[in-house]
Amino acid sequence: MDGQSVTRLAPAKINLALHVTGRRDDGYHLLDMLVAFADTGDLIHIEKSKADQFYVSGRYKDGVPLNSGNLVLKARDALREKFGRVLPAVTIHLEKNLPIASGIGGGSSDAAATLLALNDLWELGLGLDELAALGLALGADLPMCLHGAASGTPLVARGIGEELSPVAHMPALSMLLVNDGTAVSTPEVFRALQSRDNPAMPQPAFHSLESLCRYLRATRNDLLGAALTLAPHIAQKLDMLRGHQALHAQMSGSGATCFAIFATQEDAEQAAMALRSKHPGWFIAATRTTGSQG
Ligand code: C5P
């Protein structure tokens, strides 16, 4: 931030566990999730300019809508609406490094990073809670992605995703993210759910990588079955990751990105290289998540 421009990472959000525990009267599902944030993601760069502009670059730029349906522009406009006065024009550049509709937060994280960047650039002085309330109107994942973009602290998210609490003793994780390019629609996955009243996620209790993986093996992603009906090959990705000696592998969010946790960063990098040589067209990222601050 130099007064004229701000750059922010919109980190990939990984649902380490996702339990669907009920449904609200308005159709939104009640969730119980354990979420971590990666050091890889999209980039948002915003600078003051004469007129509003929005442009997109990066490997996955082609799927990004450039009109007002884009969550980045919705975030900008939500701030303008709240302040009821004209805030200076800005040029927003989104570097789209994460695949679209892939279960790792993409659009929500971009919008969250935009809210944080504009709060700084326009010197609005809004706190995280105020930004989260504004963000929730744009999407259920927005509040948690805001915390992710602000600090990266791992979280438990409940409600429809907006009741957040930090998780203690989560180590930074060496992780591989894999997606073959299939976009999966979140509303369609929720519609395909067979069971909406499932047991809650066990209370997070771990102190080490080993105990975290033991804990994760007792959790689920309740959207996996529904996602498999829409994109059956997700099962092969999970098998493949487990075959590379991952400590734990699961699908993130509504899919189709799968993640695998490895003992070391070298193991994650090696698995990434092996998979990339076989599947050059896939999104394959060896990354590290942010650990708990306490
Ligand atoms: O809130 P967002 O627009 O990101 O959610 C996309 C869709 O996912 C919603 O329209 C809804 O169909 C589904 N969803 C849900 N329960 C949640 C979050 C999302 O049913 N907690």
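No value in this document is a laboratory result; all are computed from the given coordinates. This one's a predicted model, so the numbers in the text were calculated from it and none came from an experiment. Here Cβ is always computed from backbone atoms with ideal geometry, including for glycine, and neighbour counts include all displayed protein chains.
Of all the options Phe262, Phe83, Phe206, the one that moves most in a Gaussian network model of the chain with Cα springs shorter than 10 angstrom is Phe83.
Once you compute Rg and the Kirkwood Rh from C-alpha atoms, what is the Rg to Rh ratio for the stretch 5-166?
On the way: Rg = 15.2 Å, Rh = 15.8 Å.
Taking Rg over the Kirkwood Rh, I get 0.96.
For n ≥ 4 DSSP H runs only, could you compute -39500 (n - 2.57) per run for the chain, divide by its residues and tell me the 222 nm figure to the nearest 500? Spell out each step's value before the answer.
Working: 9 runs with 93 residues, N = 294.
Counting only the DSSP helices, I get -9500 deg cm²/dmol.
Over all directions, the average projected area of the alpha-carbon convex hull for the chain comes to how many nm²? Could the numbers behind the result be given before it?
Values: hull surface 59.7 nm².
If I average the Cα hull's projected area over directions, I get 14.9 nm².
For a straight C-alpha distance cut-off of 13 angstrom, the aspartates and glutamates reachable from Lys13 (same-chain residues fewer than eight places away being disregarded) are Asp39, Asp42, Asp110, Asp141. Counting only alpha carbon atoms, the long axis of helix 265-278 and the longest principal axis of the chain meet at about 90°.
Enclosing the Cα atoms of the stretch 1-43 in their convex hull gives a volume equal to 112 cubic angstrom per residue. Values of log10 I(q)/I(0) for the stretch 173-289 across q = 0.11, 0.23 Å⁻¹ run -0.37, -1.31, by the Debye formula with one identical scatterer at each alpha carbon and no solvent. Within the straight-line cut-off of under 24 Å between alpha carbons, the lysines reachable from Lys82 are Lys48, Lys50, Lys74, sequence neighbours fewer than 8 places apart in one chain being disregarded. Counting only alpha carbon atoms, the long axis of helix 106-121 and the longest principal axis of the chain meet at about 40°.
Helix 234-243 and the longest principal axis of the C-alpha atoms of the chain enclose an angle of approximately 60°. Springs between Cα atoms under 10 Å define the GNM used for the chain, and in it the highest mean-square fluctuation of Asp52, Asp32, Asp141 occurs at Asp52. Applying a DSSP loop filter and a limit of 11 other Cβ atoms within 10 Å to the trypsin sites (Lys or Arg not before Pro) in the stretch 1-56 leaves Arg24, Lys50.
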